[in-house]
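A quick write-up on the structure given underneath.
Please treat every number below as a calculation from the coordinates, not as lab data. Just so it is clear, the structure is predicted and the values come from calculations on it, not from any experiment. With ideal geometry, Cβ positions are generated from the backbone for all residues, glycine too; neighbour counts draw on all protein chains shown.
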Amino acid sequence: MKIRKNRVRLTTNVVPSRYEINLQPDLKKFVFEGTETIHLKLKKSTKSITLHAVDLVIESAEILGNENKPAQKISYDKANETATLLFMKAVPAGAGRLKLVFQGELNDKMHGFYRSSYEVHGQRRYMATTQFESTDARRAFPSFDEPAMKAVFEISLTVPSESTAISNTVPVEVRKKSEKLKAIRFAPTPLMSTYLLAFIVGDFEHIEKRSKDGILVRVFTTPGKKHQAQFALDAAAKIISFFNTYFDIPYPMPSLDMIAIPDFAAGAMENWGAITYRESALLVDPKNSSTINRQWVALVIAHEIAHQWFGNLVTMEWWTDLWLNEGFASFIEYLAVDRVFPEWDIWTQFLYADFGAALQYDGLKHTHPIEVEVHHPSEITAAFDTVSYSKGATILRMLADYLGKKDFRDGLRHYLKKHCYDNTSTVDLWNALSKVSGKSVTAMMKNWTGKRGYPLITVSENTTYFNLTQSRFFTSPISEKETRDPTVWQVPVGITTQDGKTQKPFLMSTRTERLPKQSDSWIKLNANESGFYRTNYPKRLQIELAEAVLHNKLKTRDRLGLVRDIMALAENGRRSTTEGLEFAKHYAKETEYVVWAEISSSLAKIHSLISQERFVKEYETFVLDIFTKIAKQARWNMRPKSHSGALLKILILENLSRYGDKATIVKAQKMFGGIRNGRNMIAADLRGVVYATVARYGDAKVYAKLMKMYKAETLHEEKNRIGRALGMFRQKNLLEKTLVFTLSERVRRQDSVRMIASVSINPYGRDVAWSFIERNWKTFLERYAGYRELSFLLEPIGLSTSVKRAKDMKQFIKKNPAPGTERTLQQVVERIHSNAVWLERDRRELREFLSK
Ligand code: BES
Ligand code: ZN
């Protein structure tokens, strides 16, 4: 099917203003019936009306009036996902009403109007639920399914008398339809986009409370799980109050419902007033949930609640500006969590999480500008990536730091008030921030959102000044050679000096800049790691900064930034890997969790790179040595004093396990041995590392036990932990078993790809995983075509160092294409080539360095 790009958007000739929709799902036959009346405005008279519809059968369509005018012909355009209604006589310009009767399937693909299953007392039951973003409202009812086609929706659902029905607003009328059925009508929604609607029908229990400013918040779970909802309820009530004040616009819906859905494609979805989540992103079990999961839940909730304003109240005009939704929510979620859980120091974790991910992804040649041209649904799905989320969040943090808290907040308020119930593009946000701050935000941000990549600032010096030069950073030296990118960014450069002071950032807007030298003391660029760039220092400064790290003269974020950049420069070939490792040794006395997290992931990258080399053992000894001192703080039974202490403890144990520390392995095996007859006394925080360890160093017996635990488990979070461990064995036959298992009935479709990724990441699993993916490609396409899952499946292959693998994969996908994975494929190939030259370049020096 060839898709003509300009045909993807609907005409603006016909504009909907109101939909009255009734849907009746049948949870036995997995179908639904619907009727709707759409209030329209026609700019000029027309004989045909085209609107979106996928996998729907439209039984009848008519224009209502004194005399109803039925459509003569209803035709479907599969490629463009539309239906066209053809009328005998032209429908006159002006207001009109279109009535449609239709049917659809409650599919099992986790999009549109779909079914999800759960068990109550060992019995399987089904619910009907929705996932419409980006372009799947059209699977539930014929609609003008574009974000700028905002309308009012009046939803009613006809459902079994004993079922709970949830939608965006609150019920205003419940009518008994028959002995078995009731019809629930919900209050009309505000003016909103189709992708934010939600309908959910099933057996639920819930808990509720009011936020301190009076908003009703409820959390719904399937029967038997409401005791896992308390953390989310408390967090959401606080978070929504925070945003209410911060945005200075009252939450516009009558209540905030949050619903845990057992089968869910994304992590969570911000439907206005009815946020849906996968269970692991919402539920916290008081006994069996880990610290990191609790933190994850808080961040996800904050993210989705932020969308209630940013995204729902003000919406991007088209998916090209998706980052306005996702980048913004990914930034502001931290602000909210920082207020509600100040002791977590969550902003520092931002550096490692979003900022770090953005640096890696956007260091590729095959990245894309934040503002990305997209047309067809598969291209839209592909835009939900690290650039839209994490780069978006990182450049907003940079801007917020530069403008200051107050101007940034006031600019946002201005933007939201000016554009509420309307649509915007990137420049509208910059204009609002420019206006309030008096600074030229539009000029400053243009290349951050309009161009690919980010700068590397190279520092050189003579006796009187420092010289700074910016040029685009590439992770791969091959890509750097291939691309001549002349972009100059406006970079806010803040500087920390040896006397501990931080200078106010200046805006570097030219390719090079001179800084007069005050003294011969050192400087650290990117104070607080506020800007989205890397720094390359001359030898003298690098040595002095290493000393400053050793003697703890730098702030946490600056210590993190230094090791991150030098490791990236080693990968890119400006430095050698041994230089990077030498630098890392200066962190022996480090105590901060995030800094260790950064070091640990850099070291793991090298570990993966050399996993097929004979000197990998020496490398493991080297890394264990770096961890020696901090390892003393990570006793299994020690009770961490703080949140980050708890995370640090797990991180260290995980490293000790990965690099083969004997005592750690033995202890983990002993703890695992203690799990008997389904009784698991291991603290939730320790389970991930215990399971991983017994898998890495275990046999078929351990495997069988983990498998049994997986099958019996009902807590989604725990299932994920076990599932990941099933991919960490070293025996090919066991990994094969895991792979086959991921596609069985016992694994929910939402979880398969993550388990497979666990095998792909495992150096012992790389080859079996790839051949499994090849063999089952058809199944993956059937299950996940049009989802991010396909990209998630391919991404881990980028860890390989085999140019042959890159070639095979390229050929294979060329023969068996999957729309929406094009860019991921290019990235994987780019990363593999980059790994291969990295290894070639540094292998010898590294081997010699490690043999000492
Ligand atoms: N709007 C997204 C959900 C979504 C993602 C819909 C992809 C369609 C395609 C939601 O706000 C979101 O960003 N969810 C994240 C989790 C979040 C906390 C980072 C997700 O699903 O990955
Ligand atoms: Zn989001």
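Key figures
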{"quantity": "Cross-link table K662/K708; K41/K446; K524/K629, entries beyond 28 Å C-alpha to C-alpha", "calculated": "K41/K446"}
{"quantity": "Nearest-ten-degree value, helix 322-340 long axis tilted from longest Cα axis of the chain", "calculated": "70"}
{"quantity": "Rounded tilt (10° steps) of 291-307 against the dominant C-alpha axis of the chain", "calculated": "50"}
{"quantity": "Rounded to 10°, Cα long-axis angle of helix 766-775 versus longest principal axis of the chain", "calculated": "20"}
{"quantity": "Greater than 29 Å apart at Cα, pairs in K43/K73; K99/K176; K212/K504; K28/K177", "calculated": "K212/K504"}
{"quantity": "Average projection area in nm² (convex hull over Cα atoms of the stretch 715-852, one quarter of hull surface)", "calculated": "9.6"}
{"quantity": "Proximal lysines relative to K778, as straight alpha-carbon distance under 24 Å, when same-chain residues fewer than 8 apart are discounted", "calculated": "K2, K78, K109, K732, K737, K804, K807, K810, K814, K815"}
{"quantity": "Loop-located trypsin sites (Lys or Arg not before Pro) in the stretch 1-85 whose Cβ has at most 11 other Cβ within 10 Å (DSSP)", "calculated": "K2, R4, K28, K29, K44, K78"}
{"quantity": "Cα shape, the stretch 11-86, gyration tensor, a/c 1.5 rule", "calculated": "prolate"}
{"quantity": "Restricting the stretch 381-490 to trypsin sites (Lys or Arg not before Pro) in coil, as DSSP defines it, with at most 11 other Cβ within 10 Å", "calculated": "R484"}
{"quantity": "Computed [θ] at 222 nm, deg cm²/dmol, the chain (DSSP H ≥ 4; -39,500 (n - 2.57); rounded to nearest 500)", "calculated": "-13000 deg cm²/dmol"}
{"quantity": "Value of Rg/Rh across the chain [Cα atoms, Kirkwood radius]", "calculated": "0.97"}
{"quantity": "Rg to Rh quotient for the stretch 1-145, alpha carbon positions, Kirkwood Rh", "calculated": "1.03"}
{"quantity": "Residue range of the chain that is longest and free of GluC sites (Glu not before Pro) which are both DSSP loop and sparsely packed (at most 10 other C-beta within 10 Å)", "calculated": "180-744"}
{"quantity": "Label-point separation in nm, H551 to R125, each point 7 Å along Cα→Cβ", "calculated": "6.7"}
{"quantity": "Whole-Å distance, taken between Cα centres, linking the stretch 400-418 and the stretch 51-114", "calculated": "43"}
